[in-house]
Structures are given as C-alpha cells and as structure tokens.
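**Q** Quick one: structure below, then a few questions.
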Amino acid sequence: MGRFDGKVAIITGASRGIGLAAARRIVSEGGRVVITGRKPDALEKAVADLGGEGYVLAVAGKAQDAEHQEEAVEQALATFGRIDVLVNNTGINPVFDAVVNVDPSAMAKIFEVNVIAAASWVSVVHRAWMKDNGGAVVNVASLAGQYPSPGIGVYGASKAALINLTQQLAYELAHNGIRVNAVAPAVVKTSFATALYADNEEEVAAGYPLGRLGVPEDVAAAIAYLASEDAAWVTGQVHTLDGGRTLSAGVE
Ligand SMILES: NC(=O)c1ccc[n+]([C@@H]2O[C@H](COP(=O)([O-])OP(=O)(O)OC[C@H]3O[C@@H](n4cnc5c(N)ncnc54)[C@H](OP(=O)(O)O)[C@@H]3O)[C@@H](O)[C@H]2O)c1
C-alpha cells in the first residue's frame, strides 16, 4: 500500500529540481500527478521520466497566469477525477542585490510569482474540489523566509509572506478538512541555486553540520510527508530542512 494510492497531486514548477523530485516520490508511492512549468519540452521529458501518461499529466503555462491555473485544475479533474494535494513549488529569484537597490517592478514580479500565484492556486483548487472534499496544500518556502539572507532579501521577504500565508490559509481552511503546510529548505542542489554553491560547494557545505548541501529528494520526502495522511494532525507548520545550518546561528 502506497501513501498516495488513489490520490492525485498538482505540483507547480515540476519539470526539474524539487518539484520533479516531489512528483517522483508521490508517483512511487501510488499517486498520480499533474505537473506544470513554462517549457513544454522539459515537461515532456519529465512525463517520460515519471512513467508516462497513465501516471502524469503535464500542463504548460506560467504559474502566475490565472487562465493557466484554471486550465490545469480543469484538466486534472477531467483526467484523474480528483485533486487531493496541491504543491505550490514555483518560485523565482531573478535579482541578487541589497533590498534598497531592487527596482519596485522586480519586487512586484517576485511577489506575484512567489506569493500571489500560490494564493491563487489555493483559491482555484479550493473552489473546484477541496472545499467539498478536503485535501492538503504544501507551499515551498525557503530558509530565506525565516532569516535575513544577503543578496536575496526581496526573495526572502516573499518567502516570509508565503510562510504567513500558509498559516493564514491553514486557519481559514481547516474547517473544510484542508491542511496547509510549508517546507523551508536551505541551499538545495538544483539549477535554481547553482550561483549559491557552484564555485565553492565544499566551503558552503562546511557551514552545514551534516556536512553537505540539500538534494531535491531531501525536500521531496518532507513534501510527501506533509501531503500524506501521516501528517493528518499537522497544519499551519513550517518544516525547515537545513542540514543543521541554523543550529550554529550566533556561534562563531
Ligand atoms: N534550490 C534551493 O536551494 C531552494 C532553497 C529553498 C527554496 N527553494 C524553492 O524551491 C522551489 C523550486 O526550486 P528549484 O530549486 O527546484 O528550482 P529549479 O530546479 O530551477 O526548478 C524550477 C521549476 O519551476 C519551473 N518554473 C520556473 N518559473 C516558473 C513559472 N513562472 N511558472 C511555472 N513554472 C515555472 C521551471 O520550469 P520552466 O523553467 O520550464 O518554467 C522548473 O520546472 C522554488 O520555490 C524555490 O524558491 C529552492
């Protein structure tokens, strides 16, 4: 028996990285997944990687596009008949600079994708399925949303907003049988984070008591737990994944 037998998950931004690993984990535990991303070619590869069309449906589009959100949810219901899990995984971090130097239009874009889109996906899934059937939402936040992070402060502020949104939605939707939780990873080896470790991985990893950076599977395991019935009494929580990184905060 798999934890996701008979269950269906929508995972945004899942053609690679953490989203793809979460999809792989849920499929390996019996689930069906709907994956999204902007590039159809990358999605097609991911569908093949995950076992083909019986298990996976890909819907291409921008996570922040309202029409795409509606289309993905409609297709999920038409193809698989239910939506038990929503993983809001898409996130962007297009600038590396001090907050005071970031153009407001760039800030707005970051908040649009990382916060407003996540809230909108929950609204659409809630209206179409979860309000009557319950479900689980997992938002992919970041350690940067819990601590100041030099160079990625606006991104961090957006992830802090996503964490608060997680708590707010958990409170508002509990009566519908909907649980809402978040994961907050430190540096995970994906193309998104390459600039943070590619040139000096050993040095960066030395700051992690467990001696290594994260890999997508580390986060996927936590997403799967929070999305599953194993976490039936868990809502509004933020699961930090950081190899012990924050244990040494304040200690030289
Ligand atoms: N890696 C880390 O160190 C780390 C740490 C903490 C939190 N996170 C968070 O983890 C999440 C996933 O990141 P990742 O590291 O797995 O990144 P990744 O490997 O770069 O994967 C990002 C995925 O999102 C898709 N995507 C990007 N922008 C999109 C958009 N506007 N609409 C729809 N899909 C979009 C990409 O496909 P297309 O390019 O084809 O759209 C790809 O499938 C993000 O929310 C990130 O903030 C990452």
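What follows is calculated from the coordinates using simple rules that are stated; it is not laboratory data. Here the structure is a predicted model, which means the values were calculated and not measured. In this analysis, Cβ positions are derived from the backbone assuming ideal geometry, glycine residues included, and neighbour counts consider all displayed protein chains.
**Q** If the chain between residue 71 and residue 112 were fully stretched, how many nm would it gain, using 0.36 nm times the residue separation less the Cα-Cα distance?
**A** 12.9 nm
**Q** Ok, one more. I'd like the distance separating the alpha-carbon centroids of region 143-195 and region 1-72, in whole Å.
**A** 20 Å
**Q** Work out from phi, with θ = phi - 60° and the Karplus expression 6.51 cos²θ - 1.76 cosθ + 1.60, the ³J(HN,Hα) of each residue of region 215-226, listed in order in whole Hz, and give x for Gly and Pro.
**A** In residue order, the calculated couplings are 10, x, 5, 4, 6, 4, 5, 6, 4, 4, 4, 5 Hz.
**Q** Right, something else. Only counting other Cβ atoms within 10 Å, I'd like 131, 39 sorted with the fewest neighbours first.
**A** Starting with the residue having the fewest Cβ neighbours, the order is 39, 131.
**Q** Would you kindly work out the equivalent ellipsoid of region 89-248 from its C-alpha gyration tensor and give its semi-axes, the square roots of five times the eigenvalues, largest first in whole Å?
**A** Rounded to whole Å, the semi-axes are 28, 20, 12.
**Q** Calculate the dipole size of the chain relative to its Cα centre from +1 charges on Lys and Arg beta carbons and -1 charges on Asp and Glu beta carbons; express the result in debye to the nearest 20.
**A** Once rounded to the nearest 20, the dipole reads 300 debye.
**Q** Ranking 1, 130, 107 by Cβ neighbours within 10 Å, fewest first, what do you get?
**A** Sorted ascending by nearby Cβ count, the order is 1, 107, 130.
**Q** What do you get for the angle between helix 40-49 and the principal long axis of the chain? Use alpha-carbon atoms, 0 to 90 degrees, nearest ten.
**A** 80 degrees
**Q** Also, I was wondering about something else. Non-local amide H neighbours of residue 63 (under 5 Å, H modeled in plane, Pro and chain starts lacking H): which ones?
**A** none
**Q** If you wrap a convex hull around the alpha carbons of region 101-190, what volume per residue comes out, as a whole number of Å³?
**A** Here the figure is 100 Å³ per residue.
**Q** On a 0 to 90 degree scale, rounded to 10, what angle separates helix 66-80 from the longest Cα axis of the chain?
**A** Rounded to the nearest ten degrees, it is 50.
**Q** In region 8-242, if the dipole is taken from +1 on Lys/Arg beta carbons and -1 on Asp/Glu beta carbons about the Cα centre, which of 235, 35, 95 is farthest to the positive end?
**A** Final value for the positive-end residue is 235.
**Q** Let me ask another. Taking Cα atoms, how many degrees apart are the long axis of helix 17-28 and the longest axis of the chain, rounded to 10 and kept between 0 and 90?
**A** Here the helix axis deviates by roughly 40 degrees.
**Q** Once each part is reduced to its C-alpha centroid, what is the distance from region 204-236 to region 76-114 in angstrom?
**A** 20 Å
**Q** Moving on. Number of Lys-Lys pairs in region 8-242 under 27 Å by Cα, sequence gap 8 or more or different chains?
**A** Close lysine pairs under the 27 Å cut-off: 14.
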